[in-house]
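The values are calculated or read from the model by the stated rules, or taken from the named source; none is laboratory data. Computed from a prediction, not measured in an experiment: that's the story for all the values here. A quick note on method: Cβ atoms are made from the backbone with ideal geometry, for glycine too, and the neighbour counts reach across all protein chains shown. Just the protein is used for accessible areas: all its heavy atoms, side chains included, with ligands, DNA and RNA removed. Shrake-Rupley method; radii C 1.70, N 1.55, O 1.52, S 1.80 Å.
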Amino acid sequence: MASSMRISRLLSRSFLSASTTPLFSRGGSGALGAGLSKFSTAAAIEEPIKPPVKVEHTQLLIDGKFVDAATGKTFPTLDPRTGDVISHVAEGDHEDVDRAVAAARKAFDHGPWPKMTAYERQRILLRAADLFEKHNDELAALETWDNGKPYEQSAQIEIPMLVRLFRYYAGWADKIHGLTVPADGPYHVQTLHEPIGVAGQIIPWNFPLVMFAWKVGPALACGNTIVLKTAEQTPLSALYASKLLHEAGLPPGVLNVISGFGPTAGAAIASHMDIDKLAFTGSTETGKVVLELAARSNLKPVTLELGGKSPFIVCEDADVDEAVELAHFALFFNQGQCCCAGSRTFVHERVYDEFIEKAKARALKRAVGDPFKGGIEQGPQIDSEQFQKILKYIRSGVESGATLETGGDRFGNSGFYIQPTVFSNVKDDMLIAKEEIFGPVQTILKFKDLDDVIQRANNTHYGLAAGVFTKNINTANTLTRALRVGTVWINCFDTFDAAIPFGGYKMSGQGREKGEYSLKNYLQVKAVVTSLKNPAWL
């Protein structure tokens with residue numbers, strides 16, 4: 001509880017404060033329309049700050065050893081601030097996946113991990129959490145360097161979350177147990193909760209270490225072994241964290257890490273006949289492919305955490321200043337690269353005009369620049385592909401008739417920075433209101449009453465999360481039950497306590513991560529029935 005409250009305070013201090021010194025100013029006209037604000041590029045074109053960390057691990061981790069890819073191939077991982085190469089990383093392929101699965105299979109079938117006492121597994125996970133905490137700054141620097149997110153966010157929020165999640169799952173390791181079940185007749189019936197086996201896990205680039213914890217923590221606590229593929233954009237921090245897990249005493253073969261690409265290494269994991277369970281976080285389109293590959297191979301069970309187009313609903317009784325700040329955070333946090341971002345901001349017609357003006361002003365204050373610089377709220381997007389995709393959506397918004405209030409262009413002249421962008425007069429049928437942009441683009445829609453906003457909020461293929469801002473408990477209760485999503489935040493957003501389950505309705509995924517619910521993803525239930533002779537009682 002204390003750790004959760006600390007993270008919440010850090011979120012508030014780092015990302016909900018409107019008093020951060022602006023790193024850009026207004027003036028001139030924007031690229032996409034007369035009268036728009038022109039952002040200063042000074043912060044973006046400064047010489048990039050040298051990250052305070054050395055890249056030590058760029059090979060694959062198989063059977064407890066760092067090794068080259070079987071083909072000897074490598075690929076560059078890039079600095080989003082500049083597009084320059086940070087380092088070259090081993091490019092895993094199907095042969096490397098085969099080697100990793102063989103190591104994981106051996107560690108599960110013959111090795112010590114599932115046969116180890118739950119208490120000893122717990123102690124190893126706790127030692128790993130201590131090492132993550134000790135190496136907080138190195139992990140945070142790698143995360144920011146490879147991903148582009150603000151260093152303060154990495155160091156003060158995400159690495160502490162990694163630590164908290166591992167301690168949470170360490171606590172579960174010796175509390176996984178079955179039931180004694182009454183039956184009709186002279187039988188003793190018990191259920192055993194057993195580890196599922198070798199887990200294949202594919203994690204995304206937007207929160208590399210947090211997603212690492214969401215996947216690896218429960219799988220290890222349950223006694224499974226793992227073959228994990230990192231996102232090709234962000235392989236560095238997971239390799240470092242995995243090294244620390246082995247320093248904590250994790251046996252060889254229990255956790256194997258493959259860096260590589262989706263169509264090769266990812267497909268090999270999804271379709272492998274000797275992987276018993278698959279977990280994937282990423283886009284809905286790729287999730288469909290992963291699910292098909294799993295079904296066509298050995299019908300392995302799959303959990304999916306996929307895309308979103310989450311509504312953030314500002315009701316007519318809202319304190320507009322507070323609502324603007326929270327809606328801003330809900331969308332712009334992590335450069336807008338959140339699957340659950342509040343990317344459809346529904347505002348009641350009575351407060352709509354005031355909200356627009358204040359949302360625009362808040363976006364103009366947003367501190368954009370080198371993520372290693374203190375006070376920065378927004379760094380670059382992850383890569384050129386995502387950068388161009390976001391700019392394409394912005395052009396689409398303008399062409400479809402939405403009002404571009406501010407932003408709308410790149411920030412600076414190098415790297416993958418985009419100006420914080422706000423659209424008003426957005427209609428439900430516009431692409432910017434329907435499709436996942438995954439960038440710093442706020443779309444603001446007007447609604448007239450609860451029935452109106454419920455119908456429109458639910459009119460999407462997605463169902464990951466929603467935010468509701470109101471002082472009325474009856475309004476909150478109505479929306480909580482009416483919205484077809486996996487998480488509803490009331491007067492808050494992006495609260496990710498280790499114990500709170502997370503996952504989606506509809507095309508936002510299958511299954512839940514975090515909390516007790518995630519353990520079910522990595523356990524088999526076995527019923528054991530024993531005949532009783534002359535039992536004293538039934």
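Some notes on this structure:
- Single residue of segment 254-269 satisfying the filter (crowded, with 24+ Cβ neighbours inside 10 Å and over 21 Å from the mean Cα position of the chain (by Cα)) that is farthest from Y151 (Cα to Cα): A268
Condition check ((1) in contact with a Pro (Cβ under 8 Å, 6 or more places away or on another chain); (2) open to solvent by less than 40 Å² (accessible area, probe 1.4 Å); (3) over 21 Å from E56 (Cβ atoms)) across all residues:
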residue	(1), (2), (3)
A118	no, yes, yes
R127	no, no, no
G148	yes, yes, no
Y151	yes, no, no
E158	no, yes, no
P182	no, no, yes
M211	yes, yes, yes
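- Candidates N477, N491, N472, N521, filtered to the one that is without any contact (Cβ under 8 Å) to a residue 60 or more places away in the chain and either open to solvent by less than 70 Å² (accessible area, probe 1.4 Å) or under 17 Å from A327 (Cβ atoms) (or both): N477
- Residues that are among the hydroxyl-bearing types (S, T, Y), more than 28 Å from M430 (Cα to Cα), touching an Asp or Glu at 6+ places or on another chain (Cβ under 9 Å) and in a loop (DSSP other than H, G, I, E, B), drawn from segment 282-319: none
- Within the option set L299, L326, being among the hydrophobic types (A, V, I, L, M, F, W, C) and assigned by the TED database to the domain that holds I418 holds for one residue only, L326.
- Residue within segment 382-402 that is open to solvent by less than 20 Å² (accessible area, probe 1.4 Å), closer than 30 Å to P76 by Cα and in contact (Cβ under 8 Å) with a residue 60 or more places away in the chain present: yes
- One residue alone among A367, A363 is closer than 24 Å to G308 by Cα and in the same structural domain as D319 (by the TED database), and that residue is A363.
- Annotation: of all residues in segment 184-199 being closer than 15 Å to K520 by Cα and aliphatic (A, V, I, L, M), the one that is most open to solvent (accessible area, probe 1.4 Å) is L192.
- Odd one out for A466 among (1) buried (at least 20 other Cβ atoms within 10 Å of the Cβ); (2) under 21 Å from the mean Cα position of the chain (by Cα); (3) farther than 17 Å from A318 by Cα: (3)
- Only one of the listed residues (Y505, Y417, Y462) is outside the structural domain of V347 (by the TED database) and among the aromatic types (F, W, Y). That residue is Y505.
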